[in-house]
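Single-structure report; data block below.
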Amino acid sequence: MMKIKFVLYFSFVLWLHSGCKEEATKVEIPKNVIPIKKMEAFLFDLHKTEAELTQSGIRQDSAVLIFPGLQKNLLIKHKIDSLKLERSLKFYAERVDLLDSIYTHLLIKAESQK
């Protein structure tokens, strides 16, 4: 179930941005943006945590209260501040090829850990 939700959600995100592609290899990542590999690692842990919380049986209203603390722990684990995360999410959302590449790697990693 987690894999299906994961694939559907990010397929939708990629479909929304499919009209504004640029070549991923030519994009320089600014210093105030999380590098691709670090972003992949953080997003993998974030989505895994979210899926585990969803599948834990905890009521939705409780999960909504618990998730911010779990996200904060992941930010600490990955040594990312919330402002840099916000800038990075915006940066990658505006660059479909990079976002596609990140989520392709996430799907491969999720599949390999099955």
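Here are a few things to note about the model shown:
- Pairwise FRET efficiency - residue 60 versus residue 38, Cβ, R0 = 25 Å, nearest 0.05: 0.25
- Shape call, the stretch 38-114: gyration tensor on alpha carbons, a/c limit 1.5: oblate
- Ranked by the mean number of other Cβ atoms within 10 Å per residue, highest first, peptides 29-37, 99-107 order as 99-107, 29-37.
- Two-site FRET efficiency, residue 67 against residue 108, from Cβ-Cβ distance with R₀ of 22 Å, rounded to 0.05: 0.30
- Filter on 48/77; 38/90; 90/114 - keep pairs with C-alpha separation over 18 Å: 90/114
- Taking 0.36 nm per residue of separation and subtracting the current Cα-Cα distance, fully stretching the chain between residue 94 and residue 29 would add 22.2 nm.
- Length added when fully stretched, residue 53-residue 75, from 0.36 nm per residue minus Cα-Cα: 6.2 nm
- Sorted peptide list for 85-93, 66-74, criterion being average Cβ within 10 angstrom, highest first: 85-93, 66-74
Every read-out reported here was derived from the displayed coordinates using simple, explicitly stated rules and does not represent laboratory data. This structure is a prediction, so every number in the text was calculated from the model and none was measured. FYI the Cβ positions are ideal-geometry reconstructions off the backbone, even for glycines, and counts take in every protein chain you see.
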